[in-house]
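Everything below concerns the one structure shown next.
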Amino acid sequence: MSFFTDVSSEMIYPLLPLFLSTTLGASASFIGVIEGAAESAASLLKLASGWWSDRMRRRKPLVVAGYALASAVRPLIGLAQSASQVFALRVTDRVGKGIRTAPRDALIAESVDPAIRGRAYGFQRSLDHAGAVVGPVVAFLLLRQMGVPLRTVFLLAGIPAAIALAVVVLAVRERRPEAPVAAAPAVSLRRRLDRNFWIYLGAVLLFTLGNSTDAFLLLRATDLGVPVAWVPLLWAYLHVVKAATGTFGGSLSDRFGRKPLLVSGWTLFAAVYLAFAYASEAWHVWALFGAYGLFFSLTEGSERALVADMVPAADRGSAFGWFHLAVGLGALPASVLFGVLWDRFGPATAFVTGAALALAATVVLLPVAISPADQQQRAPGFE
C-alpha cells in the first residue's frame with residue numbers, strides 16, 4: 001500500500017517545484033504557501049480521523065477513503081493550467097492523506113508486538129521510501145529516455161495510484177476488538193494524555209517550524225548546478241538511503257530508546273541545513289542528501305513508536321491525530337517563512353534559521369520522561 005502510493009506521488013513531487021516555477025511562473029514564496037497549506041489541511045483532518053477511528057473501533061474504512069481520494073486527484077496536476085489549480089489539487093491530495101494517516105499508524109501499532117514497534121514503523125517507512133525510489137526513476141526514464149512530456153508523466157502517475165488503492169481494498173486487514181470499548185469523548189481527551197505527551201508534541205511543533213518543504217532542497221540543488229533532468233534521480237537517491245536504513249533506525253529505537261534517536265536525528269538535521277546554507281558545488285548536494293536521508297532513518301520510526309508508547313491503546317488513533325496536527329500546524333508557517341527568507345535574504349539565511357529552530361526543539365525534547373515499564377504496560381492494541 002505504502003510502496004505503490006509513493007511510486008505515484010514521487011513521480012510528481014520532485015518535479016512539481018520546477019513545474020510551478022518554470023511552466024506556471026510561481027514564486028518561491030507561493031510554492032511555500034502551496035506545500036505548507038497542503039500539509040496543514042492534511043494535519044487538521046488527521047486529528048479528526050484518528051479520533052473517529054477510536055470511536056468506531058475501525059481503522060480500515062478511513063484508510064480506504066483517504067487513499068481513494070488522493071489516488072483520484074493527484075494525477076490531475078498534469079492538466080493544471082495555473083498555480084492556483086495546482087494549489088487546489090495539492091490540498092485535496094493532502095486531504096486524502098489526512099483522512100488515512102492516523103488510522104493507518106494506529107493500525108500498524110495494533111498489528112505488531114510492542115517489543116518491535118520501532119522496527120515496524122521503520123519498516124513501513126522503508127517500504128514507503130522504496131516506492132519513492134522507483135517513482136523518480138520512472139519519471140527520469142520517461143522524461144530523459146522516452147521524451148514523454150512533463151504533464152504526461154504526471155497523468156501516468158495514476159497507474160501506481162490505482163494499484164495502491166486495490167491493495168488497500170483487497171489485502172489490508174485489521175484486528176477486530178473482541179468486545180467494543182467506548183473511546184473517550186474528545187472533550188476529555190486532554191486529561192487522558194499525560195504532560196510528557198504534550199511536551200513531546202511541543203517539541204515536534206517547534207522542530208517542524210524549522211523543517212520546511214523539501215521542495216526548497218530541490219531548488220537549492222538546481223541553484224548549485226544539478227541539472228534539471230537529474231533532479232528525479234537525486235530525489236530517488238535520497239529515498240534509497242531512507243529505504244535502506246529506515247528499518248534499522250527503527251530497530252535502534254527499540255534497543256536504545258526513542259529519545260536518544262530523536263536527539264541524534266534532529267541534531268543531524270540542523271547540521272545538514274547549516275551545510276546547505278554554505279554549500280557551493282553540485283557534489284555537495286549529493287553528499288548532503290545522503291546525510292539528510294539518515295536523519296529520516298533515525299527519526300521517522302522513533303517519532304511514531306514514541307506516540308504509540310506514551311498513550312493508552314483506546315486513544316491511540318486520537319494521539320496520532322494530535323501528533324500529525326502538531327506537524328501540520330508548523331508546516332504552513334515553516335514553508336512560508338522559509339520562502340520569504342529565501343526571496344528577501346537568500347537561501348543561506350533560510351537554511352540557518354531552520355537549523356536554529358531544530359536545535360531549539362532538541363532542547364525542549366530533553367526533559368521528556370519515557371518509562372519503559374509504562375510503555376510495555378500500555379502497549380496492547382485491540383486484540
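The values are calculated or read from the model by the stated rules, or taken from the named source; none is laboratory data. Just so it is clear, the model here is predicted, and its values are computed rather than measured. When we count neighbours, we look across all protein chains shown, and the Cβ atoms used for this are built from the backbone with ideal geometry, even at glycine.
Quick check on my filter: what residues within region 170-189 are at pLDDT below 50 and in a helix (DSSP H, G or I)?
Hits for region 170-189 are 186, 187, 188, 189.
Name every residue in region 190-201 that is modelled with pLDDT of 80 or more and either out of contact with any helix residue (DSSP H, G or I) (no Cβ under 6 Å at 6 or more places or on another chain) or surrounded by fewer than 12 Cβ atoms within 10 Å (Cβ to Cβ) (or both), in order of residue number.
The answer is 196, 198, 199, 200.
Quick grid of which residues meet (1) buried (at least 24 other Cβ atoms within 10 Å of the Cβ); (2) in a loop (DSSP other than H, G, I, E, B):
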site: 55; (1), (2): no, no
site: 68; (1), (2): no, no
site: 84; (1), (2): no, no
site: 89; (1), (2): no, no
site: 96; (1), (2): no, no
site: 105; (1), (2): yes, no
site: 108; (1), (2): no, no
site: 112; (1), (2): no, yes
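Tell me, yes or no, whether region 114-135 has at least one residue that is assigned to a helix (DSSP H, G or I), free of Cβ contacts under 8 Å to residues at least 24 places away in the same chain, on the phi < 0 side of the Ramachandran plot and not acidic (Asp, Glu).
So far as region 114-135 goes, no, none of its residues is assigned to a helix (DSSP H, G or I), free of Cβ contacts under 8 Å to residues at least 24 places away in the same chain, on the phi < 0 side of the Ramachandran plot and not acidic (Asp, Glu).
Residues are listed down the side, and each one gets a yes or a no for (1) closer than 29 Å to residue 234 by Cβ; (2) at pLDDT 75 or above; (3) surrounded by fewer than 24 Cβ atoms within 10 Å (Cβ to Cβ):
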| site | (1), (2), (3) |
| --- | --- |
| 2 | yes, yes, yes |
| 10 | yes, yes, no |
| 19 | yes, yes, yes |
| 22 | yes, yes, yes |
| 36 | yes, no, yes |
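Within 13 Å of residue 208 (Cα to Cα) and either at pLDDT below 90 or among the hydroxyl-bearing types (Ser, Thr, Tyr) (or both): which single residue out of 366, 332, 359 fits that description? Reasoning before the result, please.
Numbers: 366 fails: within 13 Å of residue 208 (Cα to Cα); 359 fails: either at pLDDT below 90 or among the hydroxyl-bearing types (Ser, Thr, Tyr) (or both).
Step by step, each of 366, 332, 359 is checked, and only 332 is within 13 Å of residue 208 (Cα to Cα) and either at pLDDT below 90 or among the hydroxyl-bearing types (Ser, Thr, Tyr) (or both).
Tell me, yes or no, whether region 204-222 has at least one residue that is surrounded by fewer than 21 Cβ atoms within 10 Å (Cβ to Cβ), under 21 Å from residue 123 (Cα atoms) and not acidic (Asp, Glu).
For region 204-222, residues surrounded by fewer than 21 Cβ atoms within 10 Å (Cβ to Cβ), under 21 Å from residue 123 (Cα atoms) and not acidic (Asp, Glu): absent.
Check region 288-305 and report whether any residue there is touching a helix residue (DSSP H, G or I) at 6+ places or on another chain (Cβ under 6 Å), surrounded by fewer than 20 Cβ atoms within 10 Å (Cβ to Cβ) and at pLDDT 85 or above.
yes
Based on what the data block shows, is residue 247 in contact with a Leu (Cβ under 8 Å, 6 or more places away or on another chain) and surrounded by 19 or more Cβ atoms within 10 Å (Cβ to Cβ)?
no
All but one of (1) of a type outside the set (D, E, K, R); (2) out of contact with any Lys or Arg (no Cβ under 7 Å at 6 or more places or on another chain); (3) surrounded by fewer than 20 Cβ atoms within 10 Å (Cβ to Cβ); (4) touching a residue at least 24 places away in the same chain (Cβ under 8 Å) hold for residue 78; which doesn't?
(2) is the only condition that residue 78 fails.
Taking the options 77, 34, name whichever one is of a type outside the set (Gly, Ala, Ser), farther than 25 Å from residue 326 by Cβ and in a helix (DSSP H, G or I).
Working: 34 fails: farther than 25 Å from residue 326 by Cβ.
Among 77, 34, only 77 is of a type outside the set (Gly, Ala, Ser), farther than 25 Å from residue 326 by Cβ and in a helix (DSSP H, G or I).
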